[in-house]
Amino acid sequence: MDSLDAWPTPVTFDDRGFDRDVLRQLGRKPSRDDDAATPATSDAPGSEGSAGGSSVVEEEADQAPRDREDEARTPEAGTGRPSLREKLTASLLLVIPVVSALVIVLSGVRFADSRNGWWLGVIAVVLVLAALSWVSVLRRTFAKAQRHLAARLPGVVGHGVGIVRELEVESPFDEDGVSDTVTAHLTVRVNPTQGPAFTGTVDAVYTLADAEKLTVGSHGPVRYLRSDPEHTVWIETRLDDQKVQQIYRAAAMN
(Lines give C-alpha, C1' and ligand atoms only; values in the text may rest on other atoms or scores of the structure.)
Protein backbone atom coordinates (compact mmCIF):
# COMPACT_ATOMS: atom_id res chain seq x y z
CA MET A 1 0.00 0.00 0.00
CA ASP A 2 1.12 3.53 -0.72
CA SER A 3 2.46 5.14 2.44
CA LEU A 4 1.22 8.51 1.18
CA ASP A 5 -2.35 7.32 1.76
CA ALA A 6 -1.69 6.37 5.39
CA TRP A 7 -4.21 8.02 7.67
CA PRO A 8 -3.06 10.60 10.24
CA THR A 9 -2.77 9.84 13.93
CA PRO A 10 -5.79 10.93 16.00
CA VAL A 11 -5.35 13.75 18.49
CA THR A 12 -7.19 11.97 21.27
CA PHE A 13 -8.21 8.37 21.31
CA ASP A 14 -9.73 7.05 24.53
CA ASP A 15 -9.20 3.32 24.24
CA ARG A 16 -9.54 2.51 27.94
CA GLY A 17 -12.77 0.72 27.12
CA PHE A 18 -10.88 -1.55 24.76
CA ASP A 19 -8.29 -2.28 27.44
CA ARG A 20 -11.04 -3.12 29.93
CA ASP A 21 -12.57 -5.56 27.46
CA VAL A 22 -9.17 -7.16 26.89
CA LEU A 23 -8.53 -7.58 30.61
CA ARG A 24 -12.03 -8.97 31.08
CA GLN A 25 -11.41 -11.62 28.44
CA LEU A 26 -7.94 -12.40 29.77
CA GLY A 27 -9.54 -13.02 33.16
CA ARG A 28 -11.83 -15.66 31.73
CA LYS A 29 -10.91 -19.32 31.60
CA PRO A 30 -8.96 -19.92 28.38
CA SER A 31 -11.06 -21.57 25.71
CA ARG A 32 -9.85 -24.17 23.27
CA ASP A 33 -10.04 -21.57 20.53
CA ASP A 34 -7.69 -19.30 22.46
CA ASP A 35 -5.28 -22.16 23.08
CA ALA A 36 -5.36 -23.06 19.40
CA ALA A 37 -4.80 -19.49 18.26
CA THR A 38 -1.98 -18.61 20.60
CA PRO A 39 0.75 -20.99 19.38
CA ALA A 40 -0.01 -20.11 15.78
CA THR A 41 0.29 -16.39 16.38
CA SER A 42 3.03 -15.93 18.92
CA ASP A 43 6.08 -17.61 17.46
CA ALA A 44 6.54 -16.37 13.89
CA PRO A 45 8.44 -13.07 13.58
CA GLY A 46 5.91 -11.59 11.18
CA SER A 47 2.88 -13.14 12.79
CA GLU A 48 0.13 -11.88 15.06
CA GLY A 49 2.12 -12.67 18.17
CA SER A 50 4.93 -10.36 17.21
CA ALA A 51 2.57 -7.49 16.52
CA GLY A 52 -0.26 -8.22 18.93
CA GLY A 53 1.74 -9.07 22.00
CA SER A 54 3.98 -6.06 21.57
CA SER A 55 1.15 -3.64 22.24
CA VAL A 56 1.32 -4.43 25.95
CA VAL A 57 4.26 -6.71 26.61
CA GLU A 58 6.82 -6.16 23.88
CA GLU A 59 9.78 -7.15 26.03
CA GLU A 60 8.28 -10.49 27.12
CA ALA A 61 6.63 -11.75 23.93
CA ASP A 62 9.65 -13.87 23.00
CA GLN A 63 9.36 -15.77 26.31
CA ALA A 64 5.78 -16.91 25.75
CA PRO A 65 6.67 -20.32 24.24
CA ARG A 66 8.82 -21.16 27.28
CA ASP A 67 6.00 -20.11 29.57
CA ARG A 68 3.55 -22.44 27.83
CA GLU A 69 6.02 -25.32 28.27
CA ASP A 70 6.22 -24.57 32.00
CA GLU A 71 2.43 -24.44 32.25
CA ALA A 72 2.13 -27.80 30.50
CA ARG A 73 4.02 -29.43 33.39
CA THR A 74 1.57 -28.20 36.03
CA PRO A 75 -1.82 -29.77 36.85
CA GLU A 76 -3.46 -26.37 36.48
CA ALA A 77 -2.29 -25.92 32.87
CA GLY A 78 -5.11 -24.80 30.62
CA THR A 79 -7.46 -24.03 33.50
CA GLY A 80 -6.61 -20.33 33.81
CA ARG A 81 -5.82 -20.82 37.53
CA PRO A 82 -2.37 -20.09 39.01
CA SER A 83 -0.27 -23.10 39.96
CA LEU A 84 0.65 -23.94 43.54
CA ARG A 85 4.17 -22.66 42.97
CA GLU A 86 2.84 -19.35 41.68
CA LYS A 87 0.58 -19.02 44.73
CA LEU A 88 3.50 -19.71 47.07
CA THR A 89 5.69 -17.20 45.24
CA ALA A 90 2.99 -14.56 45.43
CA SER A 91 2.48 -15.25 49.13
CA LEU A 92 6.14 -14.42 49.75
CA LEU A 93 5.33 -10.80 48.91
CA LEU A 94 3.33 -10.72 52.16
CA VAL A 95 5.30 -13.23 54.20
CA ILE A 96 8.68 -11.54 53.80
CA PRO A 97 7.63 -8.14 55.21
CA VAL A 98 5.64 -9.73 58.05
CA VAL A 99 8.44 -12.07 59.14
CA SER A 100 11.03 -9.30 58.78
CA ALA A 101 8.94 -6.91 60.86
CA LEU A 102 8.53 -9.57 63.56
CA VAL A 103 12.27 -10.25 63.69
CA ILE A 104 13.05 -6.52 63.80
CA VAL A 105 10.59 -5.92 66.66
CA LEU A 106 11.97 -8.84 68.68
CA SER A 107 15.54 -7.72 68.02
CA GLY A 108 14.63 -4.19 69.08
CA VAL A 109 13.17 -5.49 72.33
CA ARG A 110 16.29 -7.53 73.04
CA PHE A 111 18.49 -4.53 72.29
CA ALA A 112 16.44 -2.37 74.67
CA ASP A 113 16.93 -4.95 77.41
CA SER A 114 20.60 -5.79 76.88
CA ARG A 115 21.98 -2.70 75.10
CA ASN A 116 24.05 -5.12 73.06
CA GLY A 117 24.99 -3.62 69.70
CA TRP A 118 24.86 -7.10 68.15
CA TRP A 119 21.08 -6.79 67.93
CA LEU A 120 21.40 -3.62 65.90
CA GLY A 121 23.52 -5.58 63.45
CA VAL A 122 20.81 -8.23 63.27
CA ILE A 123 18.23 -5.56 62.48
CA ALA A 124 20.43 -4.10 59.73
CA VAL A 125 21.06 -7.51 58.16
CA VAL A 126 17.36 -8.40 58.27
CA LEU A 127 16.41 -5.11 56.62
CA VAL A 128 18.91 -5.61 53.79
CA LEU A 129 18.02 -9.26 53.20
CA ALA A 130 14.30 -8.55 53.35
CA ALA A 131 14.58 -5.70 50.85
CA LEU A 132 16.68 -7.72 48.41
CA SER A 133 14.55 -10.84 48.63
CA TRP A 134 11.25 -8.92 48.37
CA VAL A 135 12.40 -7.02 45.28
CA SER A 136 13.62 -10.27 43.72
CA VAL A 137 10.30 -12.01 44.33
CA LEU A 138 8.41 -8.98 43.03
CA ARG A 139 10.42 -8.94 39.80
CA ARG A 140 9.91 -12.68 39.27
CA THR A 141 6.19 -12.32 39.87
CA PHE A 142 5.87 -9.48 37.38
CA ALA A 143 7.97 -11.32 34.81
CA LYS A 144 5.77 -14.40 35.18
CA ALA A 145 2.63 -12.29 34.83
CA GLN A 146 4.02 -10.65 31.69
CA ARG A 147 4.83 -14.04 30.16
CA HIS A 148 1.31 -15.24 30.91
CA LEU A 149 -0.04 -12.10 29.28
CA ALA A 150 2.21 -12.49 26.24
CA ALA A 151 1.01 -16.08 25.81
CA ARG A 152 -2.69 -15.22 26.13
CA LEU A 153 -2.88 -11.82 24.44
CA PRO A 154 -2.54 -12.96 20.79
CA GLY A 155 -5.56 -15.20 21.29
CA VAL A 156 -7.65 -12.23 22.44
CA VAL A 157 -6.43 -9.25 20.41
CA GLY A 158 -6.04 -9.28 16.64
CA HIS A 159 -4.33 -6.80 14.34
CA GLY A 160 -4.80 -5.84 10.75
CA VAL A 161 -4.79 -3.07 8.18
CA GLY A 162 -7.90 -0.90 7.95
CA ILE A 163 -8.89 0.83 4.71
CA VAL A 164 -11.42 3.67 4.81
CA ARG A 165 -14.51 2.83 2.75
CA GLU A 166 -16.87 5.51 4.05
CA LEU A 167 -15.98 8.79 5.71
CA GLU A 168 -18.05 11.35 7.59
CA VAL A 169 -16.42 14.34 9.31
CA GLU A 170 -18.46 16.44 11.70
CA SER A 171 -18.62 20.21 11.24
CA PRO A 172 -15.94 22.16 13.14
CA PHE A 173 -18.43 24.94 13.88
CA ASP A 174 -20.07 25.01 17.31
CA GLU A 175 -21.60 27.55 19.68
CA ASP A 176 -18.14 28.86 20.57
CA GLY A 177 -17.07 29.42 16.97
CA VAL A 178 -14.68 27.17 15.09
CA SER A 179 -13.24 24.21 16.96
CA ASP A 180 -9.61 23.16 16.54
CA THR A 181 -10.61 19.50 16.31
CA VAL A 182 -13.32 17.47 14.63
CA THR A 183 -14.69 13.98 15.06
CA ALA A 184 -14.45 11.64 12.10
CA HIS A 185 -16.70 8.60 11.68
CA LEU A 186 -14.88 5.99 9.64
CA THR A 187 -16.18 2.80 8.08
CA VAL A 188 -13.15 0.64 7.46
CA ARG A 189 -12.55 -2.62 5.69
CA VAL A 190 -10.07 -4.59 7.79
CA ASN A 191 -7.58 -7.02 6.28
CA PRO A 192 -6.44 -8.93 9.37
CA THR A 193 -3.16 -10.74 9.78
CA GLN A 194 -5.19 -13.92 10.27
CA GLY A 195 -8.70 -14.85 9.27
CA PRO A 196 -11.21 -13.36 6.84
CA ALA A 197 -11.60 -9.66 6.12
CA PHE A 198 -14.44 -7.78 7.79
CA THR A 199 -15.94 -4.28 8.06
CA GLY A 200 -16.06 -2.16 11.20
CA THR A 201 -16.60 1.44 12.29
CA VAL A 202 -14.25 3.77 14.14
CA ASP A 203 -14.75 7.23 15.68
CA ALA A 204 -11.66 9.36 16.22
CA VAL A 205 -10.83 13.02 16.91
CA TYR A 206 -8.46 14.83 14.53
CA THR A 207 -7.10 18.31 14.11
CA LEU A 208 -8.65 20.25 11.23
CA ALA A 209 -5.47 19.90 9.17
CA ASP A 210 -5.31 16.14 9.71
CA ALA A 211 -9.02 15.71 9.05
CA GLU A 212 -8.51 17.19 5.59
CA LYS A 213 -5.99 14.42 4.87
CA LEU A 214 -8.58 11.72 5.49
CA THR A 215 -9.94 10.29 2.26
CA VAL A 216 -11.66 7.15 1.11
CA GLY A 217 -8.81 4.72 0.61
CA SER A 218 -6.71 5.97 3.52
CA HIS A 219 -5.29 3.11 5.51
CA GLY A 220 -3.50 2.30 8.74
CA PRO A 221 -3.03 -0.33 11.45
CA VAL A 222 -5.98 -1.36 13.61
CA ARG A 223 -6.60 -3.75 16.46
CA TYR A 224 -9.73 -5.60 17.49
CA LEU A 225 -11.05 -8.28 19.81
CA ARG A 226 -11.13 -11.67 18.14
CA SER A 227 -14.39 -12.49 19.90
CA ASP A 228 -16.23 -9.61 18.18
CA PRO A 229 -14.06 -8.07 15.46
CA GLU A 230 -16.78 -6.11 13.61
CA HIS A 231 -17.76 -4.08 16.68
CA THR A 232 -14.38 -3.63 18.40
CA VAL A 233 -12.14 -2.02 15.77
CA TRP A 234 -9.74 0.59 17.15
CA ILE A 235 -7.01 2.59 15.44
CA GLU A 236 -3.65 1.23 16.57
CA THR A 237 -1.42 4.02 17.90
CA ARG A 238 0.80 2.13 20.34
CA LEU A 239 3.18 0.28 18.02
CA ASP A 240 6.45 1.48 16.56
CA ASP A 241 7.10 1.58 12.83
CA GLN A 242 8.74 -1.84 12.76
CA LYS A 243 5.71 -3.53 14.32
CA VAL A 244 3.39 -1.65 11.99
CA GLN A 245 5.35 -2.92 8.99
CA GLN A 246 5.03 -6.45 10.35
CA ILE A 247 1.26 -6.01 10.48
CA TYR A 248 1.20 -4.77 6.87
CA ARG A 249 3.30 -7.70 5.67
CA ALA A 250 1.25 -10.27 7.58
CA ALA A 251 -2.02 -8.77 6.32
CA ALA A 252 -0.73 -8.82 2.76
CA MET A 253 0.23 -12.49 3.06
CA ASN A 254 -3.07 -13.50 4.66
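The values are calculated or read from the model by the stated rules, or taken from the named source; none is laboratory data. Keep in mind the model is a prediction, meaning the values are calculated, not measured. All Cβ positions, even for glycine, are placed from backbone atoms using ideal geometry, and neighbour counts span all protein chains on display. Just so you know, the surface numbers come from the protein's heavy atoms only, side chains and all, with ligands and any DNA or RNA stripped out. Shrake-Rupley method; radii C 1.70, N 1.55, O 1.52, S 1.80 Å.
Non-local amide H neighbours of residue 9 (under 5 Å, H modeled in plane, Pro and chain starts lacking H): which ones?
So residue 9 has HN proximity to no qualifying residue.
Given R₀ = 51 Å, what would the calculated FRET efficiency be for residue 230 paired with residue 140, taking r from the Cβ atoms and rounding to 0.05?
Details: r = 40 Å, r/R0 = 0.78.
In this case the efficiency is close to 0.80.
By accessible area of protein heavy atoms, probe 1.4 Å, what ranking do 118, 7, 134 get, highest first? Intermediate results must be reported in sequence, preceding the final value.
Details: 118 155, 7 25, 134 90 Å².
So, going from the largest accessible area down, we get 118, 134, 7.
Give me the mean projected area, in nm² to one decimal, of the convex hull enclosing the Cα positions of the range 117-215. Mind showing how you got there, number by number?
Values: hull surface 52.3 nm².
It is 13.1 nm².
To the nearest 0.05, how large is the calculated FRET efficiency for residue 128 and residue 238 if R₀ is 35 Å and r is the Cβ-Cβ distance?
Numbers: r = 39 Å, r/R0 = 1.11.
For residue 128 and residue 238, the calculated efficiency is 0.35.
For the range 178-240, what is the accessible area per residue in Å² when the probe is 1.4 Å?
On the way: 2700 Å² over 63 residues.
That works out to 43 Å² for each residue.
If I take R0 = 41 Å and measure r between the Cβ atoms of residue 168 and residue 91 in this structure, what FRET efficiency does the formula 1/(1 + (r/R0)^6) give, to the nearest 0.05?
Numbers: r = 54 Å, r/R0 = 1.33.
The calculated FRET efficiency here is 0.15.
How long is the gain from residue 208 to residue 24 if the chain were fully straight, where each residue apart is worth 0.36 nm and the alpha carbon distance is subtracted?
Details: separation 184, 0.36 × 184 = 66.24 nm, distance 3.55 nm.
Stretched out fully, the residue 208 to residue 24 stretch lengthens by 62.7 nm.
Could you rank 232, 181 by how accessible they are, 1.4 Å probe, largest area first?
Working: 232 15, 181 50 Å².
Result, largest first: 181, 232.
Quick one: ranking 173, 18 by accessible area, 1.4 Å probe, largest first, what do you get? Can you show the working numbers first?
Working: 173 145, 18 5 Å².
Listed by decreasing accessible area, they come as 173, 18.
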